[in-house]
Every structure is written in C-alpha cells, then in structure tokens.
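The values are calculated or read from the model by the stated rules, or taken from the named source; none is laboratory data. Bear in mind the structure is a predicted one, so any value in this text is a computation, not a measurement. Cβ placement follows ideal geometry from the backbone for every residue including glycine, while neighbour counts extend to all protein chains displayed. For the accessible areas, the whole protein counts, side chains as well, though only heavy atoms, and no ligand, DNA or RNA atoms are used. Shrake-Rupley method; radii C 1.70, N 1.55, O 1.52, S 1.80 Å.
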Amino acid sequence: MKDFIEWVTNPEKVAKFLVDTTFTIGVYLLILIIRYLIREVLKLMNSLKGFFKANAVQVENEKVIISNRFLDDDRKPLKWEIKSISNDEDDKLREECTKQEKIKKNVYIPKFNYSEYLKKLVVRCVVFPNLDDKELQDSYGVMGAEDLLSAMLLPGEFNVLAEEVQSICGFDKDVLEEKIKTAKN
C-alpha cells in the first residue's frame, strides 16, 4: 500500500504510466485509483469521528458510599458525590506537589509529594459534602478542605474515597503505582 501511495503521489510516475498505456485505459485506471483513495480517506475520517470532542462520552459524577459512619435521618449511609478533573487541573495539582530539592550547589531535582497530591486530588474531586463549608469545618475544629478531610475520615475511609476518585479520573491503580515508583527514583 505504501508503494502504491508513493506511486500515485509522484507526478512523473503517473505521467509515464499514462504514456506507456493506452490513454483511455490509463485514465480509467487512474480514476479507479483516485476513487479508491477517496474511499480510504473517508474511512479514516469516519473512524476518527469517535474521537471528536462532540462524540466523546462525558464522565458523569458518581455517588458512592465511603463510610457507614455518616448517616442520613433514616439511618442510611450518606453518599459522597465525586467528579473527574481535566488533565490541565491534574497538571496544576502535580506542579503544586512537586518541589525542587537541592542536592548540591546549583543542582536541583524535582521531588514529588504523592501524599499531598492525593489529598489535593481528592479534595478537588469531592462535590458533596462541600469540604469548603465553614460550618462543616467548624464542627471538626479545622480550617481548610484538606484538614477537614483528614479530620472526618479514618485512614481506611480515606483510602476508599481516594480509590473512587482515582477510578473516576481514569487512573489505573497499577499504572499509577508504577509511575509513583518511577517518580521516586
């Protein structure tokens, strides 16, 4: 196929072909070739349409139970609402959590704080409860969404929430852990 495309896109080779064959047959064959190429280009364009922004399935917010400790009036566990974030937002979080560590004079290496990143990611993705709510923060005696999350949740509950957030954001846990190992080294 590659040789064929090179041949069709080379005017000298096409002209030689037309001269060497009967003009009518040559033109007819050239028309068939052009029709074939147009069909192939249209197939390629149609296969790409699924990637167009308008055709991409939007990620819906999810409601998940993180803990049996937070109950509604009917004593049923409350659901947390979480959302995904964009790559740009994720890049900003990663940048916030990466510091330049001096290893010797005028030599710095980036040091990524994964724990800080995960906390910021979770806070950014939680829609409900509103972690910025002053009354909720006051009830735990903290200021700030990250501190509220630490005060509200037990370590295992935080891990459940973090896994749900990573899932809705499209992270494959094994891939993420491998990237963390690489970043640390």
Within region 32-60, the residues that are acidic (Asp, Glu) and surrounded by 10 or more Cβ atoms within 10 Å (Cβ to Cβ) are 40
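Condition check ((1) under 19 Å from residue 97 (Cα atoms); (2) modelled with pLDDT under 95; (3) outside any helix (DSSP H, G or I)) across all residues:
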| residue | (1), (2), (3) |
| --- | --- |
| 146 | yes, yes, no |
| 149 | yes, yes, no |
| 162 | yes, yes, no |
| 171 | yes, yes, yes |
| 174 | no, yes, no |
| 179 | yes, yes, no |
| 182 | yes, yes, no |
In the set 83, 63, the lone residue that is in contact (Cβ under 8 Å) with a residue 12 or more places away in the chain, surrounded by 14 or more Cβ atoms within 10 Å (Cβ to Cβ) and among the charged types (D, E, K, R) is 83
Pairs returned, first residue in region 147-168 that is within 18 Å of residue 62 (Cα to Cα), second residue that is assigned to a helix (DSSP H, G or I) and open to solvent by 40 Å² or more (accessible area, probe 1.4 Å), beta-carbon separation under 9 angstrom, 6 or more apart or interchain, are 158/119; 158/150; 162/119; 163/173; 165/124; 166/173; 167/173
So, residue 101, is that one without any contact (Cβ under 8 Å) to a residue 60 or more places away in the chain, surrounded by 10 or more Cβ atoms within 10 Å (Cβ to Cβ) and part of a helix (DSSP H, G or I) or not? no
Worksheet item: Is it the case that region 37-60 has a residue that's in contact with a strand residue (DSSP E or B) (Cβ under 8 Å, 6 or more places away or on another chain), at pLDDT 80 or above and closer than 18 Å to residue 162 by Cα?
Response: no
- Going by the conditions given, is residue 116 of a type in the set (D, E, K, R) and in contact with an Asp or Glu (Cβ under 9 Å, 6 or more places away or on another chain)? yes
